Amino acid sequence: MLHYALIGHPLGHSLSPQIHRRLFQLEGMEADYLLDDFPPQELEAHLPILRRYAAFNITIPYKTALLDRLAGISENARLYGSVNAVQVKDGRLYGDNTDCTGFLRTLESAGLALRGPVCVAGAGGVGRMFALEAARQGAQVTLAARASSLDKARQVAAEAREKLGAEIAVRPLETLAGPVGLLINATPAGMYPRVDAAPVPRAVVEEASAVFDCIYNPSQTLLLQWARELGKPAVGGMGMLVWQAAAAHELWHGTRFSHRVVGQLIQEMEAVLAEREAQG
Ligand code: NAP
């Protein structure tokens, strides 16, 4: 039996084992997927264990911490400075980024494109990736961050200029006003259990053409609820979570999952999450 894992700390109630086990089933593969939760001070001692997996996924805080332990890294992972999928070949680790593929396939499924004005709220790991990818695709990108992460946002804009020759406008989150185009939430504001929060006021959603919220718990955030009430296209983060896993299997085994199959899996996982929350 082949062993795969998600590494991170803390991992809590991750949905990854359920998602990946369903993907193995769909591929007809005999494999298991474990949660491997260890603190950062144990990373060095843990490397031999990582080298024994067939492949593994990475979440916080190792998406950047593992970069200099890899034998190779894809061009995307280098641009975003973040690795979330690692393949192990002869005990050597090769890193890639499928979070961005997950994001792009989710937009594609919803008929949304990274064109025209795009406003990303949040300049952490995911916000950085969304902003750089949108800039790479030629969108007019605004990166909006709260005061404590404005410097991070300016660094992203500098990187876009240097690596892509693209401009990203940086703004304090609380000053967003006027047409914002596609509004993307890359902050944890609105995530369970603080579901009554949103990264921006409703007035900003009124000015958006569509909304993508990377939060997947709850499946309908307050931000998405406002967008739907206003009749705007609105997409949640479960699609990105399931698509990034499907894209990892594509890298590892060459399996290409259809939009129909992944769409069903997204619904299944939303049901798993709803049941879990109902049970407390
Ligand atoms: P991160 O690196 O910690 O960045 C979070 C950013 O949001 C930071 O800029 C932070 O500002 C800002 N922020 C935090 N709370 C805020 C608030 N209440 N109002 C405004 N800004 C706030 O986290 P990340 O890895 O980018 O992840 C961001 C979100 O994406 C998380 O909710 C995570 O669950 C979600 N996510 C979803 C998927 C998916 O597949 N759907 C994948 C990855 C991540 P400071 O730096 O000033 O604190």
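The values are calculated or read from the model by the stated rules, or taken from the named source; none is laboratory data. As the structure is a prediction and not an experimental result, all values here were calculated from the model. In this analysis, Cβ positions are derived from the backbone assuming ideal geometry, glycine residues included, and neighbour counts consider all displayed protein chains.
Structure above, values below:
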read-out: Filter result for the condition that a residue is within 15 Å of the ligand (Cβ to nearest atom) and either over 18 Å from the mean Cα position of the chain (by Cα) or surrounded by fewer than 18 Cβ atoms within 10 Å (Cβ to Cβ) (or both), over Arg161, Arg146; value: Arg146
read-out: Hits in region 16-66 - residues which are part of a helix (DSSP H, G or I) and hydrophobic (A, V, I, L, M, F, W, C); value: Ile19, Leu23, Phe24, Leu26, Leu43, Ala45, Leu47, Ile49, Leu50, Ala65
read-out: Qualifying positions in region 43-79 - under 26 Å from Gln137 (Cα atoms) and small (Gly, Ala, Ser); value: Gly72, Ser74, Ala77
read-out: Test: residue in region 49-60 that is at pLDDT below 95 and within 19 Å of the chain's Cα centre (by Cα); value: yes
read-out: Residues (of a type in the set (A, V, I, L, M) and more than 9 Å from the ligand (Cβ to nearest atom)) located in region 233-244; value: Ala234, Val235
read-out: Cβ-Cβ under 8 Å pairs, at least 6 apart or on other chains, region 24-42 side free of Cβ contacts under 8 Å to residues at least 60 places away in the same chain, far side of a type in the set (A, V, I, L, M) and loosely packed, with under 11 Cβ neighbours inside 10 Å; value: Glu30/Met1; Ala31/Met1; Asp32/Met1
read-out: Members of region 238-280 found to be more than 14 Å from the chain's Cα centre (by Cα) and among the small types (Gly, Ala, Ser), listed by number; value: Gly254, Ser258, Gly263, Ala271, Ala274, Ala278, Gly280
read-out: Pairs where the first residue, in region 82-100, is among the hydroxyl-bearing types (Ser, Thr, Tyr) and the second is assigned to a strand (DSSP E or B), C-beta under 7 Å, 6+ apart; value: Tyr94/Gly72; Tyr94/Val86; Tyr94/Gln87; Thr98/Ala85
read-out: Residue list for region 197-242, filter: among the aromatic types (Phe, Trp, Tyr) and in contact with a Ser or Thr (Cβ under 9 Å, 6 or more places away or on another chain); value: Phe212
read-out: Matching residues in region 74-98 - criterion: being over 17 Å from Gln244 (Cα atoms) and in a strand (DSSP E or B); value: Val88, Lys89, Arg92, Leu93
read-out: Contacts under 9 angstrom Cβ, first residue in region 222-233 being in a loop (DSSP other than H, G, I, E, B), partner hydroxyl-bearing (Ser, Thr, Tyr), 6 or more apart; value: Lys232/Ser209; Pro233/Ser209
read-out: Those residues of region 115-132 which are more than 10 Å from the ligand (Cβ to nearest atom) and surrounded by fewer than 22 Cβ atoms within 10 Å (Cβ to Cβ), in sequence order; value: Arg115, Gly116, Pro117
